[in-house]
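The values are calculated or read from the model by the stated rules, or taken from the named source; none is laboratory data. Computed from a prediction, not measured in an experiment: that's the story for all the values here. Because the Cβ atoms are built from the backbone with ideal geometry, glycine has one as well, and the counts that use them run over all protein chains shown.
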């Protein structure tokens, strides 16, 4: 039985000059359609890491075997463990080809995971193997298999339990998953749970060489599952912009060690339907799993995913707050906007205008140290590192991932883009909460407080400075999905 792969997708579904041909047409007309349909139904399962599951234990055993075999490959083999990690980046050189801070954060990492999984399947001879994922929202502690110092899955790490991180809590994730706009959803997932887990686990996981840590692949499977759940289970749409869909990469390595000539973002959107599937688990507020039982249901879902929607990162209103400022992580930063709460009355009152207010925070570059995260408060001038996240003025958090790339380095030349740290925090729920508590009136000035909080109780280097580019309040429309779910 042959699993559908991007190479097969190119041959069977994507026709040059024609575009996408529906999987329904594929299954209904091509020879061997029952075999292909069976392969799709039985595609590998990516299971949630946990103890007490024989299936998960078997996946971990296969993963150990795959890592061992990849490390044993000669350096000349592009499937070698170090070579695969090097696609993402290196410990000394920083990031290489990975896409961070771009609309292809999800799609690039999905393709990267897919080919890594195929290499694991090929080397172990287990074509049913699916990479397990670390659901940090449900299982805060790292699976014991990664803590055994005699195991190939072990590396020294600063932290192995994320219980203390609000970034992976239901309280912080649930509002992110209500965002129906691909562009704002992606930025929040990247800046909040993704970055924070990377930096909190620390050591190799905290920088460009993070793919050398076996946890990297389970962490990014979870990030991919966030996109999968948002797109498939929750019925939200990816962009139908041809520029986004046709963005391609020509350097991934397939199971046989060959360079993939062309992998596009559009192809990655269909991977969870054709090439692998996720074992269901909750992320924040429980969401029902979309279960496809019939060919007609599959075709309908595949058509929606394939078509996408006219989604754009539209800014309807922009209010500058601060620009070109040097901040010290040792001191909370506060900035007062020129906007009054009355400027956002319709949004705060949650009427039919369907808009969100975000704080947009852009930095010039990554800081030299990333052993902290940043909490965002609204109209709380006394906020500090001890202010709890259940304070009604708390809006959310974000973290940095990595450190500045060495100037004029070979890695900078290889990188497809500059890794500029930029973050979005949705402050709409906070504004509504403050109004309900009678702490916000139409004449209230909106202020923003940024508070750096060290992961381990103290900063590694309290003198670390952040080079701020801009802080703005922006208003974006809420995307209304009209799909029949």
From the option list 441, 464, single residue qualifying as buried (at least 16 other Cβ atoms within 10 Å of the Cβ) and at negative phi is 464
Identify all residues within the range 51-66 that are out of contact with any helix residue (DSSP H, G or I) (no Cβ under 6 Å at 6 or more places or on another chain) and either crowded, with 17+ Cβ neighbours inside 10 Å or not assigned by TED's automatic domain parsing to the domain that holds residue 84 (or both); write none if there are none. 56, 59, 63, 64
Qualifying residues in the range 270-309 (those that are part of a helix (DSSP H, G or I) and touching a strand residue (DSSP E or B) at 6+ places or on another chain (Cβ under 8 Å)) - the one farthest from residue 53 (Cα to Cα): 306
Residues that are surrounded by fewer than 22 Cβ atoms within 10 Å (Cβ to Cβ): find the strands (runs of 3 or more DSSP E) completely inside the range 341-399 holding 1 or more of those. 355-363
Please work out which one of (1) within 30 Å of residue 295 (Cβ to Cβ); (2) in contact with a strand residue (DSSP E or B) (Cβ under 7 Å, 6 or more places away or on another chain); (3) not in a helix (DSSP H, G or I) is the condition residue 101 fails and give its number. (1)
Based on this model, can you work out whether residue 147 counts as surrounded by fewer than 22 Cβ atoms within 10 Å (Cβ to Cβ) and modelled with pLDDT under 95? no
From 126, 135, which residue is touching a residue at least 60 places away in the same chain (Cβ under 8 Å), in contact with a helix residue (DSSP H, G or I) (Cβ under 7 Å, 6 or more places away or on another chain), closer than 16 Å to residue 219 by Cβ and not in a strand (DSSP E or B)? 135
Would you be able to say whether some residue in the range 205-218 is surrounded by fewer than 19 Cβ atoms within 10 Å (Cβ to Cβ), closer than 21 Å to residue 80 by Cβ and at pLDDT 95 or above? no
Which residues, taken from the range 310-331, are farther than 29 Å from residue 355 by Cβ, outside any strand (DSSP E or B) and either touching a residue at least 12 places away in the same chain (Cβ under 8 Å) or under 22 Å from the mean Cα position of the chain (by Cα) (or both)? 329, 330
Residue among 195, 237, 250, 245 that is surrounded by 23 or more Cβ atoms within 10 Å (Cβ to Cβ), in contact (Cβ under 8 Å) with a residue 12 or more places away in the chain, within 20 Å of residue 105 (Cβ to Cβ) and touching a strand residue (DSSP E or B) at 6+ places or on another chain (Cβ under 9 Å): 195
Breaking point among (1) modelled with pLDDT under 95; (2) within 19 Å of residue 385 (Cα to Cα), for residue 350: (2)
